[in-house]
1. Based on Cβ point charges of +1 for Lys and Arg and -1 for Asp and Glu, what charge dipole magnitude is obtained for the range B:2-70 about its Cα centre, in debye rounded to the nearest 20?
2. Can you run phi through the Karplus equation (6.51, -1.76, 1.60; θ = phi - 60°) for the range A:12-29 and list ³J(HN,Hα) in whole Hz, with x for Gly and Pro?
3. For the range B:28-110, what's the relative contact order in percent, using C-alpha pairs closer than 8 Å and at least 6 residues apart?
4. Roughly how many Å is it from the Cα centre of the range B:72-110 to that of the range A:35-70, as a whole number?
5. Return the inverse of the average 1/r over all pairs of distinct C-alpha atoms in the range A:24-102, which is the Kirkwood hydrodynamic radius, in Å to one decimal.
6. Given springs between every Cα pair under 10 Å in a Gaussian network model of chain B, which of B:GLY16, B:GLY60, B:GLY43 has the largest fluctuation?
7. Would you mind giving the average projected area, over all directions, of the Cα convex hull of chain B in nm² with one decimal?
8. Compute the distribution of all C-alpha to C-alpha distances in the protein assembly as shown, in bins of 10 Å from 0, and list the percent of pairs in each, rounded to whole numbers.
Amino acid sequence: DAGVIQSPRHEVTEMGQEVTLRCKPISGHDYLFWYRQTMMRGLELLIYFNNNVPIDDSGMPEDRFSAKMPNASFSTLKIQPSEPRDSAVYFCASSLSKVSGRSVFGPGTRLTVL
Amino acid sequence: DQQVKQNSPSLSVQEGRISILNCDYTNSMFDYFLWYKKYPAEGPTFLISISSIKDKNEDGRFTVFLNKSAKHLSLHIVPSQPGDSAVYFCAASAHDKVIFGPGTSLSVIP
């Protein structure tokens, strides 16, 4: 298995532009998580899905952020419009059900909003 | 308010000595605790875990201790090696939701 795949690995965009981050979880994993890592706040959970259904999006910072999981092998995190304070590393992770928290993380997408 | 705290942002240890990383939590509903290790430019990787029904779990050089009454856990690395230099995240799980601490950067000095 190739592990959790994220694209792009790096994204540089200008304020106001739409940004879409992509994630392919490990096949068979029932849970998918989106995290954001910043120097100030560490690793924050933004949203997670179980069997493609969003379960908890309380970590999504504001309405500019949205996430979808149209099928078991693909998820997107969209920021529209982007702002400089959104600059961070965004991680996608997946895990098997009943394996509490033992997630496999992707390599992350480093987002820079100018 | 952070539910999982790692009060030491960084730690330096001599190679061969013991590294002790600490973590405190506030939510008594957490029933599973994990440690992840993260190298630069990579995603965190799972290191070791412990269920709330246990007070110790050991895996090679890594041991995690849980003190439920104090809502405290710690990760011991013995002996420490230069390759252990990384950021260590403590995490706690309840109802399939995982909350991470801010991380502790460990430097093992040769």
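The values are calculated or read from the model by the stated rules, or taken from the named source; none is laboratory data. Here the structure is a predicted model, which is why all the values come from computation and not from measurement. Here the Cβ positions follow ideal geometry from the backbone for every residue, glycine too, while neighbour counts run over all protein chains shown. What goes into the accessible areas is simple: the full protein's heavy atoms, side chains included, and nothing from ligands, DNA or RNA. Shrake-Rupley method; radii C 1.70, N 1.55, O 1.52, S 1.80 Å.
1. Values: 8 positive and 7 negative charges, 15 e Å.
For this selection, approximately 80 debye.
2. For the range A:12-29, the Karplus-derived couplings read 10, 9, 9, 3, x, 7, 7, 10, 10, 9, 10, 8, 10, x, 6, 4, x, 6 Hz, x marking Gly and Pro.
3. Numbers: 161 pairs, mean separation 23.9, N = 83.
Here the relative contact order equals 29 percent.
4. One Cα centre to the other: 22 Å.
5. On the way: mean 1/r = 0.0771 Å⁻¹.
Here the Kirkwood hydrodynamic radius works out to 13.0 Å.
6. Looking only at B:GLY16, B:GLY60, B:GLY43, the biggest GNM fluctuation is shown by B:GLY60.
7. On the way: hull surface 26.7 nm².
Dividing the Cα hull surface by four gives the mean projection, 6.7 nm².
8. 8, 33, 35, 19, 4, 0
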